[in-house]
Amino acid sequence: YYALTKAWNATDAQDSASPLLNDIEARWTEYKGHLDYFYTLALHNPPGARRFYEDTLEHEIETLKSKNIALQELNFNAFESAKAQEKTRARGATLGVIFVAAMALLIGFAGSYLISRRTVRPLMELTERVKELRAGHLEAHVPIQGADEISDLGFEFNRLTERLREFEAMNISEIV
């Protein structure tokens, strides 16, 4: 009876097991009533008890067994169905995590590329202007964009070329 109570607690009102549980419970109640009669009969009339067992109780026991087996199969099928649904959900969740991870990597790589280009481009430009300055082109000028350390370096480079032009102008005027 404990297993029957547990089965009732595990089912919903709409569950397909409810009619089967109703039937099992009705047959169990009927069986218990017949069992009490059988015990009384066994004490006072053993041959009558044997006939009652063979005619009534044996059939009720077999019916209860078959109903319990049907309930067991129903539970097994419900378990298998739930297992298949959870596998599908797990697969979907795994694919979702893989997709999110791939997108994060893609965004990370794109962001790294853009940041490195933004950092390297001004340095390459500054390097080119230093080469021009070394070749004697004192008009070299670095455009300043932003307010970071590279912009500060460009500002100082422009001040240096301005001072070099002033020194060259002084040297030319002294020579003249």
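The values are calculated or read from the model by the stated rules, or taken from the named source; none is laboratory data. Being a predicted model, the structure only gives us computed values, none of them experimental. As a convention, Cβ positions derive from the backbone with ideal geometry for all residues, glycine included, and neighbour counts pool all protein chains shown. These accessible areas exclude ligands, DNA and RNA; they are computed on the full protein's heavy atoms, side chains included. Shrake-Rupley method; radii C 1.70, N 1.55, O 1.52, S 1.80 Å.
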Accessible area of the stretch 57-176 with a 1.4 Å probe: how many percent of it is carbon plus sulfur? 63
Straight-line reach check, residue 131, cutoff 15 Å on alpha carbons, 8 or more apart in-chain or any other chain, hits among aspartates and glutamates -> 139
Please list 3J(HN,Hα) in residue order for the stretch 145-153, calculated via the Karplus relation 6.51 cos²θ - 1.76 cosθ + 1.60 where θ = phi - 60°; whole Hz, with x for glycine and proline. 10, x, 9, 10, 5, 5, 5, 4, 5
Run through all the Cα pairs of the stretch 15-118 and give the fraction in each 5 Å bin from 0, expressed as whole percent. 2, 10, 11, 10, 8, 7, 7, 6, 5, 5, 4, 4, 4, 4, 3, 3, 2, 2, 1, 1, 0
Pick out, from 48, 158, 147, the residue whose Cα sits farthest towards the positive end of the charge dipole of the stretch 18-176, with +1 on the Cβ of Lys and Arg and -1 on the Cβ of Asp and Glu. 48
If I take every Cα pair under 8 Å that is 6 or more residues apart in the chain, average their sequence separation and divide by the length, what percent do I get for the relative contact order? 12
With unit charges on the beta carbon (Lys/Arg positive, Asp/Glu negative), name the residue among 120, 110, 57 whose Cα is farthest towards the positive pole of the charge dipole of the stretch 49-173. 57
How much accessible area does residue 107 have with a 1.4 Å probe, in Å² rounded to the nearest 10? 110
Which value results when the Cα radius of gyration for the chain is divided by 2.2 N^0.38 Å? 2.95
Inter-label distance for residue 131 and residue 55, nm, one decimal - labels placed 7 Å from Cα along Cα-to-Cβ: 11.5
Under 13 Å from a label point 7 Å along Cα→Cβ of residue 102: give me every residue in the stretch 71-94 with its amide N that close. 94
If I ignore ligands, DNA and RNA and count only protein heavy atoms, how much of residue 141 is accessible to a 1.4 Å probe, in Å² to the nearest 10? 110
Along each principal axis, Cα extent of the stretch 71-152, largest first, Å: 96, 22, 12
